[in-house]
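Undergrad: Once you've had a glance at the structure underneath, I'll fire off some questions.
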Amino acid sequence: MRKLTKLDHEQVLSFLSTEPSINLFIIGDLEAFGYDTDFQDIWAEFDEQGEIIAVLLRFYQSFIPYAKGDFNVSDFVSIISSFPEPHLLSGKTEIVEKFEPYKELHLGKKQETFFAECTNTNYLDRSNLDIKKADIADIDRILSLRRSIDEFHIRDDAREMLLTSMMSKTARTYFTEENGLMTACVSTAAENSMSAMIVGVCTRKEFRRKGLATAIMQNLISDVLNEGKVLCLFFDNPEAGRIYKRLGFKDIGMWTMYR
């Protein structure tokens with residue numbers, strides 16, 4: 001087990017590329033921020049032949065493990081617990097559930113979601129609504145809208161993370177507005193050379209049932225896919241799942257978060 005450097009980049013990307021959608025966050029963060037920042041680290045466990053068998057990414061206080069088989073969970077636990085709490089853990093369900101017995105992590109509430117992927121524009125209709133792309137000046141409006149949604153959990157460092165992501169072009173947000181008020185928005189996260197994640201799909205309560213978020217998604221999905229990338233998203237709401245599937249998303253696995 002050791003911390004990786006830029007000299008390991010080709011080997012770790014080769015390891016992650018067998019499941020590029022599942023590893024979207026790790027690939028995106030490595031491409032965007034590399035191996036020499038104070039907010040990101042990646043460690044790997046190697047076999048006797050020097051091949052990677054598992055990795056652990058830290059992005060601020062969020063940790064994502066990935067492995068293709070058995071790995072030394074306790075070593076990863078030691079790394080995570082060496083950082084200040086809270087420890088936010090997420091990843092492929094069958095991998096992160098191995099961390100549940102380790103009480104020293106004080107894992108938060110468990111949320112299991114479906115993981116879906118969209119690879120083509122066959123199901124999309126381009127909307128005629130006035131849909132805008134946000135810039136850095138819109139960050140506070142995006143966060144204000146997200147905070148108005150009861151189901152959303154907004155972290156204390158959300159502004160810093162969104163600013164960092166927008167500046168590094170690993171995130172974008174499309175939105176609608178009325179009389180200067182942001183009414184609905186949809187964002188990407190962890191954009192990399194191969195893929196992007198849809199996040200933050202939200203509409204103000206008084207503007208719901210007008211198809212705003214769906215229209216924004218269609219425009220965003222079309223733009224991202226036309227750039228040659230694949231789109232992924234999480235969902236746990238059956239109604240939302242039906243909407244996403246009408247837009248061309250297909251289930252590819254389960255994802256679990258502890259927060």
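Undergrad: In nm, what is the difference between 0.36 nm times the number of residues separating Ser78 and Asp156 and their Cα-Cα distance?
TA: Numbers: separation 78, 0.36 × 78 = 28.08 nm, distance 2.48 nm.
Gain on extension, Ser78 to Asp156, equals 25.6 nm.
Undergrad: Just grab the label-to-label distance for Leu143 and Ala240, each label 7 Å out from Cα along the Cβ direction, in nm (one decimal).
TA: Going from the Leu143 label point to the Ala240 one covers 2.1 nm.
Undergrad: What residues of the range 162-187 lie in the reach of a label at Asp223, counting those whose backbone N is under 11 Å from a point 7 Å from the Cα along Cα→Cβ?
TA: Residues 172-176, 186-187 qualify, since their backbone N sits under 11 Å from the label point.
Undergrad: Output the peptides 33-44, 111-122 sorted from most to least packed, where packing is the average of other Cβ atoms within 10 Å over each peptide's residues.
TA: On the way: 33-44: 14.9, 111-122: 16.6.
Result, highest mean first: 111-122, 33-44.
Undergrad: For the chain, with every protein chain kept in place, what is the accessible area per residue (1.4 Å probe, Å²)? Before the final figure, lay out the partial values.
TA: On the way: 12720 Å² over 259 residues.
That works out to 49 Å² for each residue.
Undergrad: Write out the GluC sites (Glu not before Pro) in the range 14-77 meeting two conditions: DSSP loop, and at most 13 other Cβ atoms within 10 Å of their Cβ. Numbers along the way, then the final one.
TA: Details: sites: Glu31, Glu45, Glu48, Glu51; in loops: Glu48, Glu51.
Here the sparse-neighbourhood loop sites are Glu48, Glu51.
Undergrad: Let me ask something else. Calculate the translational D of the chain in whole µm² s⁻¹ from Stokes-Einstein, where the hydrodynamic radius comes from the Kirkwood formula applied to all Cα pairs, the temperature is 25 °C and the viscosity 0.890 mPa s. Don't jump to the answer; show the numbers that get you there.
TA: Numbers: Rh = 19.2 Å.
For these conditions, the coefficient is 128 µm²/s.
Undergrad: A further question follows. Hey, any idea what % of the range 42-165's accessible area is carbon plus sulfur with a 1.4 Å probe? If you can, show how the numbers build up before the last one.
TA: Values: 3070 of 6730 Å².
On the range 42-165, the fraction of accessible area on carbon and sulfur atoms equals 46 percent.
Undergrad: Here is a follow-up. Mean separation of Cα pairs under 8 Å and 6+ residues apart, divided by the residue count of the chain: what relative contact order is that in percent?
TA: Numbers: 448 pairs, mean separation 60.4, N = 259.
Relative contact order, the chain: 23 percent.
Undergrad: I want to verify the translational diffusion coefficient of the range 11-76 in µm²/s; compute it with Stokes-Einstein, Rh as the Kirkwood radius over Cα pairs, at 4 °C and 1.567 mPa s. Let's see the in-between values first.
TA: Working: Rh = 12.2 Å.
In µm²/s, the coefficient rounds to 106.
Undergrad: Once you sort the root eigenvalues of the Cα gyration tensor of the range 16-119 as a ≥ b ≥ c, which label holds: rounded (a/c under 1.5), prolate (a/b larger than b/c) or oblate (the other case)? Don't skip to the answer; put the middle values down first.
TA: On the way: a/c = 1.20, a/b = 1.11, b/c = 1.08.
Rounded.
Undergrad: Out of residues 5 or more away from Ser195 or on other chains, whose amide H comes under 5 Å of its own, with H placed 1.01 Å from N in the peptide plane?
TA: Amide H to amide H, under 5 Å and 5 or more residues apart or across chains, Ser195 pairs with Val230.
Undergrad: Step through the table entries Lys205/Lys245; Lys109/Lys169; Lys109/Lys229; Lys92/Lys250; Lys133/Lys210; Lys98/Lys245, compare each Cα-Cα distance with 25 Å, and write down the pairs that go over it.
TA: On the way: Lys205/Lys245 23 Å; Lys109/Lys169 30 Å; Lys109/Lys229 32 Å; Lys92/Lys250 16 Å; Lys133/Lys210 20 Å; Lys98/Lys245 30 Å.
Going by Cα-Cα distance, Lys109/Lys169; Lys109/Lys229; Lys98/Lys245 fall outside the 25 Å limit.
Undergrad: Okay, moving on. Starting from 0.36 nm per residue, how many nanometres of slack lie between Thr5 and Ser168 once their C-alpha separation is accounted for?
TA: Values: separation 163, 0.36 × 163 = 58.68 nm, distance 2.00 nm.
Gain on stretching Thr5 to Ser168: 56.7 nm.
Undergrad: Based on the Cβ-Cβ distance from Leu129 to Tyr35, what FRET efficiency comes out when R0 is 35 Å, to the nearest 0.05? Intermediate results must be reported in sequence, preceding the final value.
TA: Details: r = 42 Å, r/R0 = 1.19.
So the FRET efficiency works out to roughly 0.25.
Undergrad: I would also like to ask the following. For the range 114-259, what size does the Cα cloud have along each of its three principal axes, sorted from largest down, in whole Å?
TA: Each principal axis gives a Cα extent; for the range 114-259 these are 34, 34, 29 Å.
Undergrad: Express in whole angstrom the spacing between the alpha-carbon centres of the range 162-186 and the range 127-145.
TA: 4
Undergrad: Ordered by residue, what ³J(HN,Hα) values in Hz, to whole numbers, does the range 182-194 give under the Karplus form 6.51 cos²θ - 1.76 cosθ + 1.60, where θ = phi - 60° and Gly and Pro are x?
TA: 5, 9, 7, 8, 9, 10, 10, 9, 6, 5, 9, 5, 10
Undergrad: Multiply the residue separation of Lys205 and Lys103 by 0.36 nm, subtract the distance between their alpha-carbon atoms, and state the gained length in nm to one decimal. Spell out each step's value before the answer.
TA: On the way: separation 102, 0.36 × 102 = 36.72 nm, distance 3.85 nm.
Gain on extension, Lys205 to Lys103, equals 32.9 nm.
Undergrad: Still on this structure: Counting other Cβ atoms within 10 Å of each Cβ, which GluC sites (Glu not before Pro) in the range 150-204 have at most 16 and sit in a DSSP loop? Provide the component values of the computation, followed by the final result.
TA: Working: sites: Glu151, Glu160, Glu177, Glu178, Glu191; in loops: Glu151, Glu191.
Loop-located and lightly packed - Glu151.
Undergrad: Note down the accessible area of Leu124, probe 1.4 Å, to the nearest 10 Å².
TA: Leu124 exposes around 30 Å² with every protein chain in place.
The values are calculated or read from the model by the stated rules, or taken from the named source; none is laboratory data. All values reported here derive from a predicted model rather than from experimental measurement. As a convention, Cβ positions derive from the backbone with ideal geometry for all residues, glycine included, and neighbour counts pool all protein chains shown. Surface accessibility is based on the protein's heavy atoms, side chains included, excluding ligands, DNA and RNA. Shrake-Rupley method; radii C 1.70, N 1.55, O 1.52, S 1.80 Å.
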